[in-house]
Amino acid sequence: MLLETSLFFKTMLILCGQLTVVLGTCFYCIREAKRAYENNTSFAGMHFRGSMNMNKQLDLVPYTAAPEHYPSEMCKQIPSENNPNKSETKTVMAMNEAHRLDLLKDGYIDSEGGEFFYFAFILWVISLFLCTFFASTGISTQTGMIFFTLSSLSFGPLLAIIMLEMDENDGFNALKIVFLVTLITGFIGYSDFYSFSESSFLGGFLLISLLGLIGFEFIRIFRGFSRWAIRIKAIFGAFVFSMFLLFDFNLLRKKSDFGVNDWDNAFNIAFQIYLDIINLLLEILDAMSN
């Protein structure tokens, strides 16, 4: 059947499969966090408190339980001596429970816990880099798919902890927004209403905007920005990645019209759209966070 062999079908099969892996692992981690809160236990080395948000919804707040052995490392964020707008981490050692309580009153928090998420982050960075390499070179689609899946598996827990740190209810709303934007941009882009992928102006705008976003995040490492500046950047970033979705869905349509129909191209385009969706989600989460 034509549908079963089309480039669109192959691309959507890969894309939907990877997004299912991301959301499946994310929802699993959030569910286990809620179960840990209800049973007063831990999940992935972290404990969770329950609070109510402004809409009277349960909001899980991750925290690290009191250490069982001393001395124990604690830390807090303090203004940088070189730049008051940027914070730096100060660490001290709690020698006993009484000392720890004094440090807690002074604004320190426990440093231990969450090693699972650190491991997931390292695995995600490595697998994403390797997946990008195989997607751009086309050396081996099968190997690229393995790293693609590893990247999705490791990003799910990271997405879960991001949502839990801000408010998982806002995170669910962000997912709904991304789903709606993806449907709209996919419909417009693939319908070939306008040749987005052939527009040199749009291509140049997206390239310059992407470099600007990367530059902003790089500078953000070394100096602080106001919350409003970060929010404006995030809204602009969400707009940019929405345009990337239009561009890539239109590119998918163009390649389909040109008779391109193989798994290598499907993998490459699916990976591009996947990155657009993930970056769009992260920008929306950044805009919604406090």
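Each reported figure results from applying straightforward, stated rules to the coordinates on display, with no laboratory input. A quick note: this is a predicted structure, and the numbers were derived from the prediction, not measured. Positions of Cβ are backbone-derived with ideal geometry, glycine not excepted, and every protein chain shown enters the neighbour counts.
Counting only Cβ charges, +1 for Lys and Arg and -1 for Asp and Glu, the dipole size of region 6-128 around its Cα centre is about 600 debye. Charge dipole (Cα centre; +1 on Lys/Arg Cβ, -1 on Asp/Glu Cβ; no other charges) of the chain amounts to roughly 460 debye.
Given the rule -39500 (n - 2.57) for each run of at least 4 DSSP H residues, summed and divided by the residues of the chain, what is its mean residue ellipticity at 222 nm, to the nearest 500 deg cm²/dmol? Here the helix-only value at 222 nm equals -24000 deg cm²/dmol. Of all lysines in the structure, those lying under 22 Å Cα to Cα from residue 90, and not within fewer than 8 positions of it along the same chain, are 76, 105.
Assuming R0 = 25 Å, can you tell me the calculated FRET efficiency for the pair residue 187 and residue 257, based on Cβ-Cβ distance, to the nearest 0.05? All intermediate terms of the calculation are to be shown ahead of the outcome.
Values: r = 17 Å, r/R0 = 0.67.
Efficiency, rounded to the nearest 0.05: 0.90.
Per-residue Cβ neighbour counts within 10 Å put 124, 263, 228 in the sequence 228, 263, 124, beginning with the fewest. Given R0 = 25 Å, the distance between the Cβ atoms of residue 169 and residue 65 translates into a calculated FRET efficiency of 0.55. According to the Cα-based calculation, Rg over Rh for the chain is 1.02, with Rh computed by the Kirkwood formula. Remark: spin-label model distance residue 95-residue 77 equals 3.0 nm, labels positioned 7 Å along the Cα→Cβ axis. Packing, taken as the mean count of other beta carbons within 10 Å per residue, orders the peptides 66-72, 152-158 from highest to lowest as 152-158, 66-72.
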